[in-house]
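A.B. asks: Mind having a look at this structure? Questions to follow.
None of the figures in this text is laboratory data; all of them are computed from the coordinates on show. Please read all numbers here as calculations on a predicted model, not as lab measurements. Counting neighbours? That spans all protein chains shown, and the Cβs are built from the backbone with ideal geometry, glycine included.
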Amino acid sequence: MSRYNLLEESWIEVVTNRGEQKEVSLLDLFRHAEEYRCLAGEMETQNFAMLRFLLAIVQTVFSRYDSEGEPYPFLETDSQMRQIEEVDEDDADDYADALEATWDRLWQAGHFPEIVCQYLETWRDHFYLYDDKYPFFQVTEQELKAYLPEKKPTKMAGRNFNRLISESGNKTALFSPIAGTGKKGNKDQMTAAEMARWLLMLQGYIGLSDKVSLVGKDQKPSKGWLFDLGSLYLEGDNLYETLLLNEIPVSQVQKNEIRMQSPCWEMSGKDNIERLIQGVPIRNLAQLYTNWSRAIYVDPEQDENDTEIEIVKLPAIAHEDNFLEPMTVWHFNETGVHKEHYTPKKHRPDQAMWRSFGLITMRTSDEKHQRRPEILSHLDRIQKKMGSRQIAIHAVGMQDDGNATSWVPVDEVTDTLNVNDFVVSDTSDAGWIIRINDAVDMTKQVAAVYRGFLLDIARIRNQDIKKEGRVFADSGTEDFYQALNEPFRNWLARLQPEDSKDDKISEWYKILKRIAEDQVQMVIRRATPRDYIGIEDKDNGHMFNIVTAYQKLKGRITRKLG
């Protein structure tokens, strides 16, 4: 039985350019992408998973067809619009030029050509949410039983993978936005549209709490590829621009060997599972964006009032130096199991995005162990086509419960930086990126000086520096950073390529110095008599109190900022 085709059913949440929220079908989205402001699902992590799914379609279609809907002369396609074989090495450079030229013409056009919808119509039978042959992002019952002839998959009720609830089988979610009691309450109720959205998110962010597995002896189970990313994406003025800003026609990792795109719907459930079980490397973006973390079975006859799915763990894809992934921050590991390798760096919930400005924007340098996310390198190539304009760089991540046996998703991490595209692409030795990163480093140094002042106050109060004194200093330092967040974002957003770099950096240092003084004065206003009485400084025999600690702080900040 085939029902609920995602091409024609309204299931993707968007906000229109007029500010209205609505659900649209897949065909509607690609026919009117320029009329929608952004995706508007239940969570930002869900929106990111949806964005990757949509990008897989764009990557696939325009790797085979140009902006006029004509196939590239370097390849052949079959009756299902699939590329038949890899492009010949001798044609790689010309093919790469053609792919980039297609991107340029698409940007100028401002809307998607009909070839995208023609492709989707060709694969219509593979976009049924409920189906016994080609279920969307799922396996059939027969495929699952072939792998588990004697075991039963883990069952997940709607309340378990609806991340607005995230209720386990053992503990009731007290503050659920959906009411319901008993084992089968209406917390498990889920419309087909909701099911499709949560299904995409589940494949990207799931954790390890389920038990049944197809993971081999020398393999690791997948938490969901997106779970481990410090994800980044670029946002334009509408959804069409956002899709193009994040569509990478030529991956720099594979510039000399551009691989065929192979999204999951062009393969059977068995093929998707076999690739992971056999450890076949992922070599194209469409496959990466539609990678499965679980073999999922949904009964096509399922009642929406009693949502339940069956899942089986699949092997994780390689994390070390997997630079095909363009939408993450990278961390070079100097110790540990990944020593001397890069791995994705997750966003920290307690740290604003601008504090990692260097990791996000500095150009790749093996000597400095720096890896620039490719989505930013893509922006370097296209910014001349777009002209000077503001770009929003979004950070999205999933926080876990800290339990290495389950890694349950508990909350999402989101942040945004708005910056001029010419500024963020100026990676020259004397360019904006170097100067801004220097300003961020100086800001961190001033924060460290402020933390030293707080430790001095803790010492004056006879607090244990390794215990309550450290807690006091850490908490105060985070308050200091919180006070810096909005001013830094505003300063960064106002930068223009023609501005004097020296003047603008000086402007930030004046703001920084003022905020530091404001934070210090807040501490002084709350000072106790003991803070003024002080303690004896054993190093020089003088009394050390909040006044002398303040003078020490002012001297250190003046030496840094003038």
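A.B. asks: Would you mind checking the pairs LYS223/LYS346; LYS384/LYS510; LYS187/LYS313; LYS217/LYS345; LYS346/LYS368 and listing those with alpha carbons more than 22 angstrom apart?
C.D. replies: LYS384/LYS510; LYS187/LYS313; LYS217/LYS345
A.B. asks: Continuing with the same structure: Run the numbers on the chain and let me know its relative contact order in percent, using alpha-carbon pairs under 8 Å that are six or more apart.
C.D. replies: Values: 959 pairs, mean separation 77.0, N = 562.
Relative contact order of the chain: 14 percent.
A.B. asks: Which whole DSSP H helices in the chain pass both tests: a Cα extent of 24 Å or more along the axis and a mean Kyte-Doolittle value no lower than 0.0?
C.D. replies: Working: long enough: 44-64 (30 Å, 0.62); 92-109 (25 Å, -0.71); 432-460 (42 Å, 0.57); 468-494 (40 Å, -0.81); 501-525 (36 Å, -0.73).
Span-like helices, by this rule, are 44-64, 432-460.
A.B. asks: First select every other residue whose beta carbon is under 11 angstrom from the beta carbon of PRO135; then total the charges, Lys and Arg +1, Asp and Glu -1. Walk me through the intermediate numbers first.
C.D. replies: On the way: positive: ARG3, LYS133; negative: ASP125, ASP131, ASP132, GLU141, GLU143, ASP299.
Counting the neighbours of PRO135, the net charge comes to -4.
A.B. asks: Determine Rg/Rh for the range 12-51; Rg is computed over alpha-carbon atoms and Rh is the Kirkwood hydrodynamic estimate from the same atoms.
C.D. replies: Numbers: Rg = 9.4 Å, Rh = 10.0 Å.
Answer for the range 12-51: 0.93.
A.B. asks: So what is the relative contact order for the range 6-100, in percent, with contacts set as C-alpha pairs under 8 Å and at least six apart? If you can, show how the numbers build up before the last one.
C.D. replies: On the way: 96 pairs, mean separation 16.0, N = 95.
The value is 17 percent.
A.B. asks: May I pose another question? Within the chain, what percent of beta bridges assigned by DSSP are antiparallel, to the nearest 5? Display every interim value, and only then the final one.
C.D. replies: Working: 44 of 46 bridges.
Within the chain, antiparallel bridges account for around 95 percent of the total.
A.B. asks: In terms of modelled amide H atoms, which long-range or inter-chain residues lie less than 5 Å from the amide H of GLY236?
C.D. replies: Amide H to amide H, under 5 Å and 5 or more residues apart or across chains, GLY236 pairs with THR242.
A.B. asks: Additional query: Determine ³J(HN,Hα), in whole Hz, for all residues of the range 410-421 in sequence, where each value follows from phi through the Karplus function 6.51 cos²θ - 1.76 cosθ + 1.60 and θ = phi - 60°; x replaces Gly and Pro.
C.D. replies: Using θ = phi - 60°, the values come out as 10, 6, 9, 10, 9, 6, 8, 10, 9, 8, 5, 5 Hz.
A.B. asks: Per residue of the chain, what 222 nm ellipticity follows from adding -39500 (n - 2.57) for every DSSP H run with n ≥ 4, rounded to the nearest 500?
C.D. replies: Details: 18 runs with 223 residues, N = 562.
After summing the helix terms and dividing by the residues of the chain, the value is -12500 deg cm²/dmol.
A.B. asks: Which of the three applies to the range 432-561, rounded, prolate or oblate, going by the alpha-carbon gyration tensor with a ≥ b ≥ c and a/c under 1.5 meaning rounded?
C.D. replies: Values: a/c = 2.70, a/b = 2.26, b/c = 1.19.
The shape class here is prolate.
A.B. asks: Go through the range 226-234 residue by residue and turn each phi into a ³J(HN,Hα) via Karplus (6.51, -1.76, 1.60, θ = phi - 60°); whole Hz please, and just put x for glycine and proline.
C.D. replies: So the Karplus estimates, Gly and Pro as x, are 5, 4, 8, 8, x, 5, 9, 8, 9 Hz.
A.B. asks: If you average the C-alpha positions of the range 500-562 and of the range 445-491 separately, how far apart do those two centres end up, in angstrom?
C.D. replies: 11
A.B. asks: May I ask which residue of ILE309, ASN545, MET327 lies farthest towards the positive end of the charge dipole of the chain, with charges of +1 (Lys, Arg) and -1 (Asp, Glu) on Cβ and the Cα centre as origin?
C.D. replies: ASN545
A.B. asks: Where the centroid of each part is defined by its Cα atoms, how far is the range 47-74 from the range 385-403 in Å?
C.D. replies: First find each Cα centre; the distance between them is then 22 Å.
A.B. asks: Taking the Cβ of GLN252 as the centre, find all other residues whose Cβ is under 15 Å away and add up their charges (Lys, Arg: +1; Asp, Glu: -1).
C.D. replies: Details: positive: LYS255, ARG259, ARG283, ARG363, ARG371, ARG372, ARG381; negative: ASP93, ASP97, GLU100, GLU247, GLU257, ASP321, GLU325, ASP366, GLU374, ASP380.
That works out to -3.
A.B. asks: Take the Cα radius of gyration of the range 357-475 and divide it by 2.2 N^0.38 Å, with N its residue count; two decimals is plenty. Please list the in-between numbers first.
C.D. replies: Details: Rg = 19.7 Å, N = 119, 2.2 N^0.38 = 13.5 Å.
Normalised Cα radius of gyration, the range 357-475: 1.45.
A.B. asks: Ranked from highest to lowest mean number of other Cβ atoms within 10 Å per residue, what is the order of the peptides 483-490, 307-314? It would help to have the intermediate numbers written out before the result.
C.D. replies: Details: 483-490: 16.1, 307-314: 23.1.
Highest mean packing first, the order is 307-314, 483-490.
A.B. asks: Hey, another quick one. Could you tell me which of rounded, prolate or oblate describes the range 1-155, using a ≥ b ≥ c as the square roots of the eigenvalues of the alpha-carbon gyration tensor, with rounded for a/c under 1.5 and, failing that, prolate when a/b is larger than b/c and oblate otherwise? Kindly include the intermediate steps, with their values, before the conclusion.
C.D. replies: Numbers: a/c = 2.15, a/b = 1.20, b/c = 1.78.
Oblate.
A.B. asks: Can you find, among THR443, PHE480, LEU454, the residue sitting farthest towards the positive end of the charge dipole of the range 432-561, where Lys and Arg contribute +1 and Asp and Glu -1 at Cβ?
C.D. replies: Checked the options; the winner is LEU454.
A.B. asks: Another question, then. For the chain, what log10 I(q)/I(0) values come out of the Debye formula at q = 0.07 1/Å, with one point per alpha carbon and no solvent?
C.D. replies: Log10 of I(q)/I(0), two decimals: -0.48.
A.B. asks: Please order LYS270, LYS345, LYS217 by the number of other Cβ within 10 Å, starting at the fewest.
C.D. replies: Values: LYS270 16, LYS345 20, LYS217 4.
Taking fewest neighbouring Cβ atoms as first place, the list is LYS217, LYS270, LYS345.
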